[in-house]
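Asker: Sharing a structure here in structure tokens format.
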Amino acid sequence: VSTQSTWEAVVSTQSTWEAVVSTQSTWEAVVSTQSTWEVADTNFSNHRAHGNGVQMPVHYGAKDLNIQTVSSPLATQIPQAAGAGHALKLRSLRGEGNDAVAITYFGDGSASEGDAFVALNFAATLETRTIFFVRNNGFAISTPVNEQYRGDGVGARGVAMGIRTIRVDGNDLFAVHKATSDARAYSIENNKPVLIECMTYRGGHHSTSDDSTRYRSKDDIEYWSQYDNPIARMRRFMERRGWWTEAEETEYREEQRKEVLAALKDAEAQPRPAYTKLFDGVFEDEPWHISEQRTAMLDHVEKYPQD
């Protein structure tokens, strides 16, 4: 995969499945493990949400599921995963805790950040238990890969740094699962990192602020988002084996739509977190400057309660 045309040939679709297991679309990733209601609570930052109202919407996290809270800046999670993987290896060598690995998900855009190169090098030299899962969707936020790099994709960087690397069809549910499972087993057995590059395609716009028709055709977007995407592939796979029908599809979509709307309605009606919790959950032992800020805020609220 060295050119844009070859890259497009390798890819089979924009990975909605791969989004479920791997991507910056944390909505898809977390909704498979957290309930729809918990996701809605986080988006409305109500009193039930994990962030006490100080976290941005769509920044999910779940301590009980070992899901680190999402951060807005690109690529910050990558060196964190290298450090976490190193800690997990050391704990295992001391006989503490279960065998575990750290896995971090990021896209080709984040892979262009300096944090990614630093993290890969740290993981390689320290031999950490870290899986670097990069979703190469071809366009990052709005920059095609042929304007991001000249090398053979992102996977080549892992090989250059001495990291065991695999490139896989990121739109194939079974291929993604097999690659991830094998990477985990290898990392635990050998105490070394693994880089997985999933070749995929971003079928839609990156966000509401992105108009991808400025850098690709509408026909291209229509094809990938509607006709050749992972959900459609998996659905055809199941239908050919008699495991799914059009009637079941319709019924399931309607059920899920009702559940999401009910969760959003309920989450929106919940009270906000108490303002007194604004400074909680950051430090185990609160430092003096945070205590001063807390006192100043409480004094201000007491002085101007009407505001």
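Asker: Restrict the check to the stretch 51-60 and report whether at least one residue is under 16 Å from the mean Cα position of the chain (by Cα), closer than 24 Å to Thr208 by Cα and either without any contact (Cβ under 8 Å) to a residue 12 or more places away in the chain or open to solvent by less than 50 Å² (accessible area, probe 1.4 Å) (or both).
Answerer: Among the residues of the stretch 51-60, at least one is under 16 Å from the mean Cα position of the chain (by Cα), closer than 24 Å to Thr208 by Cα and either without any contact (Cβ under 8 Å) to a residue 12 or more places away in the chain or open to solvent by less than 50 Å² (accessible area, probe 1.4 Å) (or both), which makes the answer yes.
Asker: Looking for whichever is at pLDDT 95 or above and among the β-branched types (Val, Ile, Thr) here; the options are Val118, Val145, Val54. Which one fits?
Answerer: Result of the check over Val118, Val145, Val54: Val118.
Asker: Under 6 Å by Cβ, and 6 or more places apart or on different chains, what pairs join a residue from the stretch 181-207 that is over 13 Å from Arg129 (Cβ atoms) with one that is of a type in the set (A, V, I, L, M) and not in a loop (DSSP other than H, G, I, E, B)?
Answerer: Pairs that qualify, where the first residue is over 13 Å from Arg129 (Cβ atoms) and the partner is of a type in the set (A, V, I, L, M) and not in a loop (DSSP other than H, G, I, E, B), are Ile196/Ile166; Ile196/Ala179; Ile196/Ala183; Glu197/Val134; Cys198/Val168; Met199/Val10.
Asker: Would you please list the contacts, defined by Cβ atoms under 9 Å and residues six or more apart or on different chains, that run from a residue in the stretch 243-264 that is open to solvent by 80 Å² or more (accessible area, probe 1.4 Å) to a residue that is modelled with pLDDT of 95 or more and of a type in the set (Asp, Glu)?
Answerer: What qualifies is Glu246/Glu239.
Asker: Go through the stretch 61-82 and give me each residue that's without any contact (Cβ under 8 Å) to a residue 60 or more places away in the chain, open to solvent by less than 40 Å² (accessible area, probe 1.4 Å) and not in a loop (DSSP other than H, G, I, E, B).
Answerer: The answer is Ala62, Ile78, Ala81.
Asker: While we're here: Check Asp228 against each of (1) in contact with a Lys or Arg (Cβ under 9 Å, 6 or more places away or on another chain); (2) at pLDDT below 95 and name the one condition it does not meet.
Answerer: (1)
Asker: Next question. What about Thr250, is it among the polar types (S, T, N, Q) and at pLDDT 95 or above?
Answerer: Here the answer is yes, as Thr250 does meet what is asked.
Asker: Restricting to the stretch 207-235, what's the tally of residues that are farther than 21 Å from Val58 by Cβ and open to solvent by 100 Å² or more (accessible area, probe 1.4 Å)?
Answerer: 6
Asker: Ok, one more. Scan the stretch 268-288 residue by residue and report those that are at pLDDT below 95 and either assigned to a helix (DSSP H, G or I) or of a type in the set (Ser, Thr, Tyr) (or both).
Answerer: Tyr275, Thr276, Lys277
Asker: Then there's this: Go through the stretch 254-307 and give me each residue that's on the phi < 0 side of the Ramachandran plot and of a type in the set (Gly, Ala, Ser). Talk me through it step by step, then tell me what you get.
Answerer: Of the residues in the stretch 254-307, the ones on the phi < 0 side of the Ramachandran plot are 254-280, 282-307.
Once the filter is applied, which keeps residues that are on the phi < 0 side of the Ramachandran plot and of a type in the set (Gly, Ala, Ser), the stretch 254-307 yields Ala262, Ala263, Ala267, Ala269, Ala274, Ser291, Ala296.
The values are calculated or read from the model by the stated rules, or taken from the named source; none is laboratory data. Fair warning: this is a prediction, and the values are worked out from it, not measured in the lab. Don't worry about glycine lacking a Cβ; one is built from the backbone with ideal geometry, like all the others, and counts go over all protein chains shown. The accessibility values were calculated without ligands, DNA or RNA, using every heavy atom of the protein model including side chains. Shrake-Rupley method; radii C 1.70, N 1.55, O 1.52, S 1.80 Å.
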